[in-house]
Amino acid sequence: MRIVHTLAELRGALHGARTTAFVPTMGNLHEGHLALVRTAAQRGGGPVVASIFVNRLQFGPNEDFDRYPRTLARDCELLEGAGCDLVFAPDEAELYPEPQGYRVQPPAALADILEGKFRPGFFTGVCTVVMKLFQCVQPAVAVFGKKDYQQLMVIRGMVRQFALPIEIVGGETLRADDGLALSSRNGYLSESERAESVALSAALRALADAIRAGARDLPALEARAMESLRARGWRPDYLTARRRADLLPPTPAQIDAGEPLVALAAARLGGTRLIDNLEI
């Protein structure tokens with residue numbers, strides 16, 4: 001496996017490659033990331049590239065950019081074991097050699113709800129760096145995890161509307177044995193918080209089960225789920241059921257007609273913000 005840090009090295013290494021598969025990451029990798037790399041190896045048919053770059057543009061002023069773990073050596077060892085062929089690990093000066101005045105602005109109807117409501121500008125930062133990385137790597141296939149469900153939808157929309165010749169593949173969420181979705185930020189949890197963290201996935205399952213059982217008053221279901229988390233010491237931002245097609249709230253008639261849904265949640269436990277989702 002080769003590790004490169006500059007765009008010139010990257011382009012030299014990929015010269016002539018037409019079926020590159022790409023997994024963009026911010027590093028501090030876990031088994032969920034490695035599963036995406038393995039999926040990329042199966043879908044691309046050519047070199048598998050992973051990027052490691054902590055993107056300042058998607059962090060808010062009071063978020064964890066400065067303390068986000070940088071674990072490049074360990075990450076590269078894990079990537080090599082997962083079948084990655086090339087790691088692109090630029091620094092900020094390489095990827096943003098001048099202030100990034102041009103930004104990719106996703107539509108507010110999708111990007112300013114749920115995560116976007118609580119993290120203003122987040123998806124603009126995501127789209128901008130992903131578009132730039134796509135231009136650098138020129139992949140035929142790119143793999144993103146379903147744990148970041150809204151992000152996957154935003155990226156798919158961007159690729160579709162810009163007519164980029166890239167297949168976007170969604171990788172399934174990997175979970176610990178107790179149900180907690182794997183996340184780089186799980187490392188922030190204390191021992192007691194880690195034990196409590198499973199309440200988030202449990203709340204999503206309870207909401208999904210209630211809908212499957214015939215409950216249709218979603219605002220009441222969601223309010224009870226949020227209050228249940230608050231009673232356990234969480235600070236939830238949202239816990240809701242939405243249409244998979246556009247993340248808008250479904251009507252009871254749409255649910256009865258079999259509209260595909262997804263339950264999504266974001267909540268803080270101590271100083272750590274966790275997100276999760278469950279397709280219904």
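Entry remark, the stretch 40-67: residues being surrounded by 16 or more Cβ atoms within 10 Å (Cβ to Cβ) and not hydrophobic (A, V, I, L, M, F, W, C) number 7 in total.
A quick yes/no check of all residues on (1) aromatic (F, W, Y); (2) at pLDDT 95 or above; (3) within 18 Å of M131 (Cα to Cα):
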residue: V23; (1), (2), (3): no, yes, yes
residue: L34; (1), (2), (3): no, yes, no
residue: G45; (1), (2), (3): no, no, no
residue: V49; (1), (2), (3): no, yes, yes
residue: V54; (1), (2), (3): no, no, yes
residue: L57; (1), (2), (3): no, no, yes
residue: G60; (1), (2), (3): no, no, no
residue: E63; (1), (2), (3): no, no, no
residue: D66; (1), (2), (3): no, no, no
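For the stretch 97-142, a residue qualifies if it is part of a helix (DSSP H, G or I), touching a Gly at 6+ places or on another chain (Cβ under 7 Å) and surrounded by fewer than 19 Cβ atoms within 10 Å (Cβ to Cβ), and exactly one does: L110. Looking across P219, P249, one residue alone is surrounded by fewer than 13 Cβ atoms within 10 Å (Cβ to Cβ) and free of Cβ contacts under 8 Å to residues at least 40 places away in the same chain. It is P219. Being open to solvent by 70 Å² or more (accessible area, probe 1.4 Å), touching a residue at least 12 places away in the same chain (Cβ under 8 Å) and more than 30 Å from G271 (Cα to Cα) is a description that applies to E80.
Of the numbered criteria (1) surrounded by fewer than 18 Cβ atoms within 10 Å (Cβ to Cβ); (2) touching a Lys or Arg at 6+ places or on another chain (Cβ under 6 Å), the one G187 fails is (2). Just so you know, in the stretch 222-233 the residues that are touching a residue at least 12 places away in the same chain (Cβ under 8 Å) and not acidic (D, E) include one that is nearest to G271 (Cα to Cα), and it is G233. Only helices (runs of 4 or more DSSP H) whose full extent lies in the stretch 1-96 are considered here, and the ones with at least 1 residues that are under 22 Å from the mean Cα position of the chain (by Cα) and of a type outside the set (S, T, Y) are 31-44, 72-82, 92-95.
The values are calculated or read from the model by the stated rules, or taken from the named source; none is laboratory data. These figures come from a predicted structure and were not determined experimentally. Reconstructed Cβ throughout: ideal geometry from the backbone, glycine too, with neighbour counts over all protein chains shown. Heavy atoms of the whole protein, side chains included, go into the accessibility calculation; ligands, DNA and RNA do not. Shrake-Rupley method; radii C 1.70, N 1.55, O 1.52, S 1.80 Å.
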